[in-house]
Amino acid sequence: MMPQPILCQTPTRGLLNLTHARQIRFCDIYLQRSWQFICFITWNNGDEQTFDGQYAKAIAQTMNKISQTKS
């Protein structure tokens, strides 16, 4: 059985399929005299990607919606 796609609409890159993410981590880091919200994704194939700003917020909102529907 194929897993249900977890699609995240990004501000400018179209849809991001989070179904293939092995691990998703969020944190705030202090960079260039301001706090930045960052999302780190490790994909099933081992590749890693970092998202910040609006992209990180969009991913966090999608994951929040998913967790609310599962409970």
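The values are calculated or read from the model by the stated rules, or taken from the named source; none is laboratory data. Remember, it's a predicted structure, so these values are computed and weren't measured experimentally. Glycine gets a Cβ as well: all are built from the backbone with ideal geometry, and neighbour counts include every protein chain shown.
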Next on the checklist: Based on this model, can you work out whether ILE6 counts as out of contact with any Leu (no Cβ under 6 Å at 6 or more places or on another chain) and either at pLDDT 95 or above or β-branched (Val, Ile, Thr) (or both)?
Outcome noted: no
Next on the checklist: If the requirement is being farther than 15 Å from THR10 by Cα and either touching a residue at least 60 places away in the same chain (Cβ under 8 Å) or out of contact with any helix residue (DSSP H, G or I) (no Cβ under 8 Å at 6 or more places or on another chain) (or both), which of these qualifies: GLN54, GLN68, GLN49?
Outcome noted: GLN68
Checklist entry - With respect to the numbered conditions (1) in contact (Cβ under 8 Å) with a residue 12 or more places away in the chain; (2) surrounded by 10 or more Cβ atoms within 10 Å (Cβ to Cβ), which one is the sole condition not fulfilled by GLN4? => result (2)
Checklist entry - Does region 30-41 contain any residue that is of a type in the set (Lys, Arg) and either part of a helix (DSSP H, G or I) or surrounded by 10 or more Cβ atoms within 10 Å (Cβ to Cβ) (or both)? => result no
Checklist entry - Yes or no: PHE40 closer than 16 Å to SER67 by Cα, modelled with pLDDT of 95 or more and in contact with a Phe, Trp or Tyr (Cβ under 9 Å, 6 or more places away or on another chain)? => result no
Checklist entry - Listed residues ARG13, ARG33; which is in contact (Cβ under 8 Å) with a residue 24 or more places away in the chain and of a type in the set (D, E, K, R)? => result ARG13
